[in-house]
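Trainee: Quick one: the structure is below, and I'll ask about it shortly.
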Amino acid sequence: MAEEKEKLTIVVFSGDLDRALAAFILATTGASMGMEVSMFFTFWGLNVIKKNEGGIRSKGLMRKMLNFMNRGGSRRLKLSEFNMLGLGTWMMKRLMKDINYPSIDDFITMAKDMGVKLVACTTSCGVMGLSEDAFRSEVDSMAGAAYFLGEARNSKVALFI
Amino acid sequence: MAEEKEKLTIVVFSGDLDRALAAFILATTGASMGMEVSMFFTFWGLNVIKKNEGGIRSKGLMRKMLNFMNRGGSRRLKLSEFNMLGLGTWMMKRLMKDINYPSIDDFITMAKDMGVKLVACTTSCGVMGLSEDAFRSEVDSMAGAAYFLGEARNSKVALFI
Amino acid sequence: MAEEKEKLTIVVFSGDLDRALAAFILATTGASMGMEVSMFFTFWGLNVIKKNEGGIRSKGLMRKMLNFMNRGGSRRLKLSEFNMLGLGTWMMKRLMKDINYPSIDDFITMAKDMGVKLVACTTSCGVMGLSEDAFRSEVDSMAGAAYFLGEARNSKVALFI
């Protein structure tokens with residue numbers, strides 16, 4: 001009854017499409033295997049969970065510039081390699097669609113439905129001037145490195161992606 | 001007698017020469033320390049275990065293009081940084097040879113001899129249109145994310161490289 | 001009395017400013033939570049702990065060239081993305097200063113004060129022709145992959161960054 005689930009904790013540091021896909025494949029597979037999964041988005045990884053629509057409000061010229069140039073959002077992610085000015089990324093998305101493979105948006109919905117926790121890193125948000133309203137509604141909460149380590153040390157598997 | 005070996009499980013996501021080297025150094029060191037080691041190659045990491053010779057057959061124009069441009073094979077890997085149109089990669093290989101350091105090909109042979117399992121990710125293969133004959137003979141099998149997580153949660157150490 | 005501390009072991013493979021920051025945030029947070037933390041610097045990650053001042057002596061033309069072009073030092077690290085010929089990196093450093101966020105130099109001092117062990121990888125040093133005097137005084141020792149795996153398999157959390 002009181003048996004505890006095995007935990008899987010993933011730091012999503014990267015904002016690359018390919019690494020984000022790897023993270024969500026592992027997260028949803030872990031959840032389907034009965035694991036309790038947390039994803040902790042930090043630094044460029046925050047781009048994965050930013051809203052796709054609307055601007056991001058932040059204070060100060062430099063943060064405004066950063067958030068304009070580093071816009072983010074699941075549909076703006078690029079491949080870490082082979083991007084080729086967007087052509088490679090476009091091709092990869094087509095290849096995935098071709099075999100009915102889920103998009104990042106699909107994966108976020110699936111992950112939420114399966115109980116995966118999505119957490120945004122407060123420290124990175126502080127540096128980049130992001131507040132909770134920059135993120136999509138599926139994001140559960142904001143927390144710092146201590147939260148992540150607390151989860152990770154009680155996890156069977158902890159990965160940095 | 002029935003004592004179980006400690007496990008080391010490594011996801012090789014990257015197809016960069018330097019990261020592939022790190023993965024094989026850890027894998028062979030782990031095996032030499034008596035650990036049971038699995039390497040799970042996914043996404044760009046599949047390039048590390050593709051055959052060096054011969055073309056890769058895949059269906060559909062876009063997959064043909066992808067596998068032509070993203071050719072892979074242990075001898076075509078590049079440094080993640082400092083590649084400098086191939087000069088940096090060439091230098092690094094020379095420096096390694098200079099101190100009789102093993103190449104990726106040597107490492108694959110060593111790893112196999114030491115019982116390291118080399119597994120190709122079925123999901124990535126599906127997206128990229130790769131079948132088993134794209135890979136060198138040292139590859140043991142193909143398997144999905146559930147296989148990796150099953151290994152990882154019974155491992156002392158699981159790394160994402 | 002003899003209770004053992006939980007361990008956190010981090011491989012710092014990357015020499016990118018953002019990844020180095022993530023590594024030090026986790027290391028110092030882990031230490032503040034009472035964990036015993038080791039950081040194992042390898043490959044490009046060695047740049048993080050190289051001295052900022054003075055040249056690096058190494059033997060042979062090619063190693064001299066490598067260490068000239070791949071100079072390293074905490075103050076020369078760049079962002080993995082968004083570097084924009086240095087502008088993005090400069091912006092990020094300004095944003096961090098703006099909220100009184102520690103620099104890599106500050107983090108190294110903090111980490112040392114908290115008992116974090118900083119270890120340089122002997123293998124990478126061999127390939128790149130680096131000896132102990134290339135590194136800043138805070139570095140505790142040099143050791144190989146077997147040392148890292150020995151630590152990692154006794155750790156609650158082991159990450160590859």
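Trainee: Kindly provide the trypsin sites (Lys or Arg not before Pro) of the stretch B:21-124 that DSSP labels as loop, not H, G, I, E or B, and whose Cβ sees at most 12 other Cβ atoms within 10 Å. Please report the intermediate quantities before stating the final value.
Mentor: Values: sites: B:Lys50, B:Lys51, B:Arg57, B:Lys59, B:Arg63, B:Lys64, B:Arg71, B:Arg75, B:Arg76, B:Lys78, B:Lys93, B:Arg94, B:Lys97, B:Lys112, B:Lys117; in loops: B:Lys51, B:Arg57, B:Lys59, B:Arg71, B:Lys78.
Passing sites in the stretch B:21-124 are B:Lys59.
Trainee: If you don't mind, there's one more thing I want to ask. Treat every Asp and Glu Cβ in the stretch C:69-153 as -1 and every Lys and Arg Cβ as +1, leave all other atoms uncharged, and give the resulting dipole magnitude about the Cα centre to the nearest 20 debye.
Mentor: For the stretch C:69-153, the charge dipole is close to 300 debye.
Trainee: As a check on your grasp of the helix formula, calculate [θ] at 222 nm for chain A: sum -39500 (n - 2.57) over DSSP H runs of n ≥ 4, divide by the residue count, round to the nearest 500.
Mentor: Theoretical 222 nm ellipticity from helices: -12000 deg cm²/dmol.
Trainee: Nearest 100 Å² is fine: how much accessible area is buried between B and A, summed over both sides, with a 1.4 Å probe?
Mentor: Between B and A, the summed buried area is about 2500 Å².
Trainee: Among the GluC sites (Glu not before Pro) within the stretch C:60-161, which fall in a DSSP loop and have no more than 14 other Cβ atoms within 10 Å of their own Cβ?
Mentor: Answer by residue number: C:Glu138.
Trainee: OK, next. If you draw the axis that swings chain A onto chain B, which residue of A has its Cβ closest to it, and how far is that in whole Å?
Mentor: Taking the axis that maps A onto B, the answer comes out as A:Phe160, 4.
Trainee: Can you compute the charge dipole magnitude of the protein assembly as shown about its Cα centre, using +1 on each Lys and Arg Cβ and -1 on each Asp and Glu Cβ, nothing else charged? Give it in debye, rounded to the nearest 20.
Mentor: 1880 debye
Trainee: Quick one: accessible area per residue over the stretch C:60-124, 1.4 Å probe, rounded to a whole number of Å²?
Mentor: Accessible surface, normalised per residue, equals 53 Å².
Trainee: Another one. Using the 7 Å Cα-to-Cβ label point, sort the distances from C:Lys64 to its equivalents in the other copies shortest first and give them in nm to one decimal.
Mentor: Nearest to farthest, the other copies are at 5.2, 5.2 nm.
Trainee: Hey, another quick one. Please work out whether the protein assembly as shown counts as rounded, prolate or oblate from its C-alpha gyration tensor, where a ≥ b ≥ c are the square roots of the eigenvalues and a/c under 1.5 means rounded, while otherwise a/b larger than b/c means prolate and anything else oblate?
Mentor: rounded
Trainee: For the stretch B:1-104, I need the span (max minus min coordinate) of the C-alpha atoms along each principal axis, in Å, sorted largest to smallest.
Mentor: Principal-axis extents of the stretch B:1-104 (Cα, largest first): 54, 38, 22 Å.
Trainee: List the residues of the stretch A:55-96 that lose 50 Å² or more of accessible area once all protein chains are present, compared with their chain alone (1.4 Å probe, heavy atoms only, no ligands or nucleic acids).
Mentor: Residues of the stretch A:55-96 that lose at least 50 Å² of accessible area once the other chains are added: A:Met62, A:Arg63, A:Leu66, A:Met69, A:Glu81, A:Phe82, A:Met91, A:Met92, A:Leu95.
Trainee: Separate question: Return the whole-Å distance between the Cα centroid of the stretch A:105-138 and the Cα centroid of the stretch B:57-123.
Mentor: 35 Å
Trainee: Say R0 is 45 Å: what FRET efficiency, to the nearest 0.05, do B:Asp113 and C:Asn52 get from their beta-carbon distance?
Mentor: 0.55
Trainee: Within chain B, which complete DSSP H helices have Cα atoms spanning at least 20 Å along the helix axis and a mean Kyte-Doolittle hydropathy of 1.0 or higher?
Mentor: B:17-32
Trainee: Can you give the average number of partner chain beta-carbon atoms within 10 Å of each beta-carbon in peptide C:23-30, as a whole number?
Mentor: Across the residues of C:23-30, the mean count of other-chain Cβ atoms within 10 Å is 4.
Trainee: Placing unit charges on C-beta atoms (Lys and Arg positive, Asp and Glu negative, everything else neutral), compute the dipole magnitude of chain C about its Cα centre in debye, rounded to 20.
Mentor: 700 debye
Trainee: Per-residue mean of other chain beta-carbon atoms within 10 angstrom of the beta-carbon, peptide B:121-128?
Mentor: What the average comes to for B:121-128 is 3.
Trainee: How large is the accessible surface of C:Ile99 in square angstrom, using a 1.4 angstrom probe and rounding to the nearest 10?
Mentor: 70 Å²
Trainee: Within the stretch B:1-99, what whole-number % of the accessible surface is contributed by carbon and sulfur, with the 1.4 Å probe and all protein chains included in the calculation?
Mentor: Taking all protein chains in place, the stretch B:1-99 shows 57 percent carbon and sulfur surface.
Trainee: With an 8 Å cut-off on Cα pairs and a minimum separation of 6 or more residues, tell me the relative contact order of the stretch A:1-140 in percent.
Mentor: This gives 32 percent for the stretch A:1-140.
The values are calculated or read from the model by the stated rules, or taken from the named source; none is laboratory data. All values reported here derive from a predicted model rather than from experimental measurement. Cβ: placed from backbone, ideal geometry, glycine included. Neighbour counts: every protein chain shown. The area values use the complete protein model at the heavy-atom level, side chains included, leaving out ligands, DNA and RNA. Shrake-Rupley method; radii C 1.70, N 1.55, O 1.52, S 1.80 Å.
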